[in-house]
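So the structure is just underneath, and the comments pick up after that.
The values are calculated or read from the model by the stated rules, or taken from the named source; none is laboratory data. As the structure is a prediction and not an experimental result, all values here were calculated from the model. Reconstructed Cβ throughout: ideal geometry from the backbone, glycine too, with neighbour counts over all protein chains shown.
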Amino acid sequence: MTNYKKLRVATYTRVSTLEQAEEGYSIQEQQDKLEKYCELKDWTITHRYSDPGFSGSNIKRPGIRELIAAAKQGDFDLVLVYKLDRLSRSQKDTLYLIEDVFQANQVDFVSLSENFDTSTPFGKAMIGILSVFAQLEREQIKERMTMGKIGRAKSGKAMGWSNVPFGYNLVGDVYEIDEFQATIVKRIFAEYLSGDSPVTIAKRLNDEGHLGKGTRWSWKTVRDILMNVVYTGYISFKGELYPGMHKPIIDMETYKNTQTQLEIRRVNADNPRPFRAKYMLSGLLKCHYCGSTLVIGVSINQRTKARSYRYNCPSSHPRKNSTYSQKAACPSKFIYKGTVEKQVIEEIEKLPKNFKHKKAPTVDVDAVKKQIKTIKGKQSKLMDLYLIDGIDVEELNRRNGEFNKQIEALNKNLSTVPTEPDVTEALNQAKNISELSYDEQKKLVRLLISEIEVANDSIKIHWRF
């Protein structure tokens, strides 16, 4: 062994888990042993580097990076660790540190527990061998963890401990349905399949007071719900599906239909609002009688097998425990998709000769917006009453409906706004709307119209200008 007397020594210590600390690998335990060893050898410790709470699977650690930089500058002559795996558990990283950093800069390496010294041929050979076994140990740990997760998935237990899917609560190892949130999940799937886009659905939920969530909805959170197979009662792990111990919120057929629509309606990645609305009037049609958003459905002629699409008010056929449930069914009748689209196109074509600029708003916009925010805060507290105090869904809907009417009235005060440049351009295109493609018509409609109120014998368009 080389004479190390008076050589400058840098110590390195690391611990990643409480378990290692309990087994005697704590930072202080390692440092104490290294200092005693240096005292016996009469070596001088000039640098101390440490990485508490860092894994040895890679060298993305602040302490090891400082050690590497100092070694390249020639700040010490030898690096001393308590055990080889404190330096690294990766064979590749261990060899890189020893050969490309330490030896390349005339720095020797000593591991106290293994009694290996890179200044000797035997030490160099054994360091390589130990690196292989350290890497093997890490791969075995990784394999055991993976097998444990697969076993958990096969048993149907919950896999998302820190990110429980909206609509469920984690009780032990099983997802249990949150009845209110589940109605929102069902509603999201139903509204998407009826033609609404995730952007429209998220906006509607936010307008109603962040239903079921403490934070605002976004199109991404809506999309994530639409793509999550856990709602069918299955657990997904590494691309495989396993029957879950939890109850489904939607059926598999609905989920598969949704995935098909997501793919069909996907827009190129450059579009900031992907997963577009499927139909021209999706999300714009509101029931004149109860205020619900109309949803589209399909009917099939049993004789000709021809399909026809029509909009219905969901409250006209209330379901038990549904978000739309009411004491009495809404009197609204269905309206065919083609019929209402034709009516809207005809009204838009009239705009150039009937259009008149409106004056700028005279209301205190900030005050109105503040009041709306206050009411939405009350809606959020209403969710807490449902979740904590157990008020029933019917009472929740009644009180939430009252808040929505207040918000609607306040929004009407904000509706008189100066004509926006894009609206002005849209008005110039309106006279030729019949000549445009369906997608172009859809875009124009959404620039010009904020809402369409549908009664059994008429429609009333609320313009954006």
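Structure above, values below:
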read-out	value
Of residues in the range 77-95 being farther than 19 Å from Asp32 by Cβ, part of a helix (DSSP H, G or I) and touching a helix residue (DSSP H, G or I) at 6+ places or on another chain (Cβ under 7 Å), the one modelled with the highest pLDDT	Thr94
Criterion violated by Gly244 - all others in (1) farther than 23 Å from Ser194 by Cβ; (2) out of contact with any helix residue (DSSP H, G or I) (no Cβ under 8 Å at 6 or more places or on another chain) satisfied	(2)
Pair list, Cβ < 8 Å and 6+ apart or interchain, from the range 98-124 residues that are at positive phi to residues that are of a type outside the set (D, E, K, R)	Gln106/Gly74
Residue check for Gly156: at pLDDT 70 or above and at positive phi	no
Members of the range 273-282 found to be at pLDDT below 80 and of a type outside the set (Lys, Arg), listed by number	Pro274, Phe275, Ala277
Any hit, the range 178-197, residues being surrounded by fewer than 16 Cβ atoms within 10 Å (Cβ to Cβ) and modelled with pLDDT of 75 or more	yes
Pair list, Cβ under 9 Å, 6 or more apart: the range 46-62 residue in contact (Cβ under 8 Å) with a residue 40 or more places away in the chain, other residue part of a loop (DSSP other than H, G, I, E, B) and among the hydrophobic types (A, V, I, L, M, F, W, C)	Arg61/Phe54
Cβ-Cβ under 9 Å pairs, at least 6 apart or on other chains, the range 239-258 side among the polar types (S, T, N, Q), far side surrounded by 14 or more Cβ atoms within 10 Å (Cβ to Cβ) and in a loop (DSSP other than H, G, I, E, B)	Thr258/Ile250
